[in-house]
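Q: Got a structure for you, questions after.
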Amino acid sequence: NRFVLLVLFDLTDRRAAEERLRDSEQRFRSLTELSADWYWEQDEQYRFTYLSPTALAHVASSMSELLGKTRFDAGYEWPSERAREEHRTLLEARKPFRDLVLRIPRLGRWAMSSGEPVFDAAGNFRGYRGVGRDITDLKTVELQLRESERRFRDFAEAASEFVWEQDAAGAYVYVSP
């Protein structure tokens, strides 16, 4: 007497779900590689664990420059010590952040980053993920505009004649001292 036990499983739904997951991951990779922005991930200690390839053109010469480092020890220039501490406090509170602007002196570039905390199914903090954008051109124009405005004010204040500026409605927007 021999018994044969045969168990059959229908794997159709599982295979379809695995295929949808592979397609979703491929779409994500393709979009992050096509985007001028970049995607990043950090672990629980805020160390970079992933940077999309686009980041190389903007914030690092090689992945090893940033992977394993935090935003605080990556050589970025912060707007102020207060801004640096406010960001650290925000991270420790596990809050999302938007439009953090940092200068990357070794590359002569500016970057803006936004991120959100990541939690696992049990609610444990697992790190951050987010996006970054090169804003060097924007910052360059902003700095040039400030310099131009400074020169105008210096000229207007030094001029022996009265200098004023009006908007389209005729309201005075600047009057020299």
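Q: Once you have the Cα-Cα distance between Gln144 and Lys69, take 0.36 nm times their residue separation minus that, and quote the gain in nm to one decimal. Present the calculation step by step, with values, prior to reporting the outcome.
A: Working: separation 75, 0.36 × 75 = 27.00 nm, distance 3.25 nm.
Net length gain for the segment: 23.7 nm.
Q: Given a 1.4 Å probe, how much area per residue of the stretch 31-177 is accessible, in Å²?
A: Result: 63 Å² of accessible area for each residue.
Q: Can you give the calculated 222 nm mean residue ellipticity of the chain, where each DSSP H run of n ≥ 4 adds -39,500 (n - 2.57) and the sum is split over every residue, rounded to the nearest 500 deg cm²/dmol?
A: -11000 deg cm²/dmol
Q: As an exercise, use a Förster radius of 22 Å and the Cβ-Cβ distance of Arg129 and Ser80 to find the FRET efficiency, rounded to the nearest 0.05.
A: Numbers: r = 26 Å, r/R0 = 1.18.
Calculated transfer efficiency: 0.25.
Q: What distance in nm separates the simple spin-label points at Phe28 and Ser61, each placed 7 Å from Cα in the Cβ direction?
A: 3.2
Q: Once you charge only the Cβ atoms, +1 for Lys and Arg and -1 for Asp and Glu, what is the size of the charge dipole of the chain about its Cα centre, to the nearest 20 debye? Each step should come with its number before you reach the end.
A: Values: 27 positive and 31 negative charges, 150 e Å.
Roughly 720 debye for the chain.
Q: What label, among (i) 20.7; (ii) 18.0; (iii) 20.0, belongs to Kirkwood radius over Cα pairs in Å computed from the structure on display?
A: Checked against the structure: label (i).
Q: So what's the net charge close to Gly68: Lys and Arg +1, Asp and Glu -1, counting the other residues with Cβ under 14 Å from its Cβ?
A: Net local charge, Gly68 excluded: -2.
Q: Order the peptides 76-83, 163-170, 131-138 from the highest to the lowest mean number of other Cβ atoms within 10 Å of their residues.
A: By packing density, highest mean first, the sequence is 131-138, 76-83, 163-170.
Q: Roughly what would the spin-label model give for Glu92 and Arg2, points 7 Å off Cα along C-beta, in nm?
A: Here the answer is 7.0 nm between the modelled labels.
The values are calculated or read from the model by the stated rules, or taken from the named source; none is laboratory data. All values derive from a computational prediction rather than experimental measurement. Heads up, the Cβs are rebuilt from the backbone with ideal geometry, glycines too, and the neighbour counts pull from every protein chain shown. Remember, those area values only see protein heavy atoms, side chains included, never the ligands or the DNA or RNA. Shrake-Rupley method; radii C 1.70, N 1.55, O 1.52, S 1.80 Å.
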